[in-house]
Amino acid sequence: MVNEKVNPSPDESHRIATTDDIEVSTYLEIAKEIGGEQPVAAPEAIPGAEREAIIVLDFGSQYNLLIARRVREAQVYCELMPHDTPWEKIAPLNPKGFILSGGPASVYEPNAPLAPAYVYESHLPVLGICYGMQVITKQLGGQVTPGTRREYGHAVMHLNQVDSLLFAGLPESTTVWMSHGDKIEEMPQGFEALAYTENSPYAVIGNSNNVYGLQFHPEVAHTPEGKNILKNFIYKVCGCKGNWTMGNFVHESMERIKEQVGGGKVINALSGGVDSSVVATLIHRAIGDQLTCIFVNNGLLRREEADRTLKVFKNNLGMNIVYVDATDRFLNRLKGVTDPEEKRMIIGEEFIRVFEDEANKIGKVDFLAQGTLYPDVIESISSVSKVSAKIKSHHNVGGLPARMTLKLLEPLRYLFKDEVRLVGKELGLPEEMVWRQPFPGPGLAIRCIGEVTKEKLEILRSADFILMNEIKKAKLYRQLWQSFCVLTDVRSVGVMGDFRTYGYLAAIRAVTSDDAMTADWARLPYDFLARVSNRIVNEVDGINRVVYDITSKPPSTIEWE
Ligand code: XMP
């Protein structure tokens, strides 16, 4: 399912609407604070035995990253690049074909973004999607006109040319997802209409030079044959071999890390989250003890979390781990603080201080490893989506001025989250680590409403432990994007046995989501909720009432603070 992405509301601008754990937010901030070099796109740093790539030129559609993901799922390396990227940046990737994305502009407007000449002059196959199709039509001499009404939603597409390479294995009629205003009035010379829908006589067009246009979106789940159309383009039209596998990635990425680091020293902040775990394991495989992981226990972790993380990385994988129990440092600074923003600022700041103190003790360090992922890279190179709306904002953690200068090592910067999990599997990380639900950097502090105290954290940990235990027993863990307890600052009256109680109100939050940008509350079975509520109230001293949060995002957010 594709979620319509939403802009964060202004009061949400502090949040890191990321799919990730501590590492995405914190690492980026650490890098900024301690003066790490900001990464630049470096095509030569992309692993690929026999390099081949499909390049998506970005005209600003919200679905663009999804196109790249679909191509990668088909085992071909794919990158999203600004529509005006110079050829010199693309050539090293050995492109086998171009996809021109959709976008909000109209080709007949002045200054409408168009494709660079090399797209046509290279004689590589081209697939234009929606706006991309209109770009092809305009640039090759056809005519596009403003549609009198938008066509949005499902349409049935019928094939005119069943033997087109693009349609191999497709039924003669299939559902497609349309979302366009403008339409093709006249095809460019040499093109044929390969398929049509009721409202679009030119649902698919193509010529004998392997230039194709689709009026619909093949990348979204609403176009059931979309994946096959993309696969046909990649393999049958572009002739790709399909060497983008996580096994290849691990192998080549280790070689690259060795080459890049040489005899240098690397540090990274380990959180136990998927990305930092995969980064640490990959680098450790490549350079062993030249890597030191700093694992900061901020006192805001869940029950048994620190022990379990240490066990895996120190005992099982034999990594060099510096463990710092900084609970008191964090809790002292959080004393009396109730404002969510202030909590986040303090935790971010303190994390950098602790991390820096520990890093200084290690002596000379050359690299900081980070779990930056491809969507973060795309987000930070804002020119990629020059024409699209801003989707997420990273919060600014105040902190120490730059003192260290470290080079960044970001072995996952070309990967999507699902690819990172596959790399984790490939590296033999435990299932529970590979499939771990996201946990926010500020930890339980933003799930403990009001002042954060040791006592309240213990109550919250106990309730959360019961919930997670039941979620896992009911085999719901992997279906849920996140599930956790929140300890509210509300107290209410209850009765237990013959006694009056006055205890905290706990809330259960469980959501389904694809990417944390939007989320829906999970329809957990009543019996399940009854069991969890019963256990929490009976087993956790201090809680006498449990509610279930039934709001989606938007208008709510996943975390309460
Ligand atoms: P919200 O609450 O904004 O959260 O819907 C979206 C996703 O981001 C996670 N989250 C964070 N992750 N540092 C992080 O690394 C943070 O400060 C932070 N705040 C929220 C949240 O758990 C959800 O997955």
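The values are calculated or read from the model by the stated rules, or taken from the named source; none is laboratory data. Only a predicted model underlies this, so the values are computations on that prediction, with no experimental measurement involved. Cβ: placed from backbone, ideal geometry, glycine included. Neighbour counts: every protein chain shown. Accessible surface is based on the protein model in full, side chains and every heavy atom, while ligands, DNA and RNA are left aside. Shrake-Rupley method; radii C 1.70, N 1.55, O 1.52, S 1.80 Å.
Structure summary
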read-out: Cα gyration tensor, the range 176-232 - rounded (a/c under 1.5), prolate or oblate; value: oblate
read-out: Accessible surface of the chain, 1.4 Å probe, proportion on carbon and sulfur as whole %; value: 50 percent
read-out: Accessible surface ranking that places the most exposed of His154, His123, His222, His83 first, with a 1.4 angstrom probe; value: His123, His154, His222, His83
read-out: Point-to-point label distance, Ile362-Ser122, nm (Cα→Cβ direction, 7 Å offset); value: 3.9 nm
read-out: Angle between the chain longest axis and helix 246-261 axis [Cα atoms, degrees, rounded to 10]; value: 70 degrees
read-out: Between the range 430-458 and the range 464-483, the Cα center-to-center distance that results, in Å; value: 14 Å
read-out: Quotient of C-alpha Rg and 2.2 N^0.38 Å, computed over the range 246-434; value: 1.07
read-out: Contact order relative to length of the range 447-548, as percent, for alpha carbon pairs under 8 angstrom and 6 or more apart; value: 28 percent
read-out: Those trypsin sites (Lys or Arg not before Pro) in the range 277-352 that DSSP places in a loop and that have at most 13 other beta carbons within 10 Å; value: Lys335
read-out: Computed accessible area, Ser179, all protein chains, 1.4 angstrom probe, square angstrom; value: 30 Å²
read-out: Near-label residues of the range 489-533 by backbone N, under 20 Å of a point 7 Å along Cα→Cβ of Thr338; value: 489-493, 502-507
read-out: In the range 55-146, the chymotrypsin sites (Phe, Trp or Tyr not before Pro) that fall in loop regions by DSSP, at most 13 other Cβ within 10 Å; value: Tyr108
read-out: Solvent accessible area, Å² - Thr197, 1.4 Å probe, full protein context; value: 10 Å²
read-out: The chain, relative contact order in percent, only Cα pairs under 8 angstrom and at least six apart counted; value: 17 percent
read-out: Theoretical gain in end-to-end length, Lys258 to Glu73 [0.36 nm per residue, Cα-Cα removed]; value: 63.9 nm
read-out: Cα shape, the range 130-192, gyration tensor, a/c 1.5 rule; value: oblate
read-out: Crossing angle, helix 340-362 versus the chain [Cα axis fit, 0-90 degrees, rounded to tens]; value: 90 degrees
read-out: Positive minus negative residues near Val261 (Lys, Arg vs Asp, Glu; Cβ under 14 Å); value: +1
read-out: Relative contact order of the range 246-434, defined on C-alpha pairs under 8 angstrom at six or more residues apart (%); value: 30 percent
read-out: Theoretical FRET efficiency, 1/(1+(r/R0)^6), r = Cβ-Cβ of Glu192 and Ser556, R0 60 Å, to 0.05; value: 0.75
read-out: Accessible area per residue in Å² at 1.4 Å probe, computed on the range 447-548; value: 48 Å²
read-out: Trypsin sites (Lys or Arg not before Pro) within the range 518-555, DSSP loop, no more than 15 other Cβ atoms inside 10 Å; value: Arg523
read-out: In order through the range 52-61: 3J(HN,Hα) via Karplus (6.51 cos²θ - 1.76 cosθ + 1.60), integer Hz, x for Gly, Pro; value: 8, 8, 9, 9, 9, 8, 8, 9, x, 5
read-out: Share antiparallel - DSSP beta bridges, the chain, percent rounded to 5; value: 50 percent
read-out: Residue-normalised accessible area of the range 246-434, given per residue in Å² at a 1.4 Å probe; value: 40 Å²
read-out: Estimated FRET transfer efficiency (Val324, Asn209; beta-carbon r; R0 60 Å; 0.05); value: 0.45
read-out: Extension gain from Arg150 to His251, taking 0.36 nm per residue of separation minus the Cα-Cα distance; value: 31.6 nm
read-out: Among Gly288, Ala168, Pro125 the positive-end extreme of the charge dipole of the chain (Cβ point charges); value: Gly288
read-out: Cα-based helix-to-principal-axis angle, 417-426 vs the chain, degrees rounded to 10; value: 70 degrees
read-out: Spin-label model distance (nm) - Arg303 vs Ala221, 7 Å beyond Cα toward Cβ; value: 3.3 nm
read-out: Gain in span if fully extended, Gln479 to Ala530, counting 0.36 nm per residue against the direct Cα distance; value: 16.4 nm
read-out: Pairs of alpha carbons in the chain whose separation is greater than 39 Å (percent); value: 34 percent
read-out: Percent of C-alpha pairs per 10 Å bin, the range 447-548, short to long; value: 15, 46, 31, 7, 1
read-out: The range 126-140 and the range 149-228: distance between their alpha carbon centers, rounded to Å; value: 12 Å
read-out: Calculated FRET efficiency for the pair Asp84/Lys314, C-beta based, R₀ 51 Å, to 0.05; value: 0.55
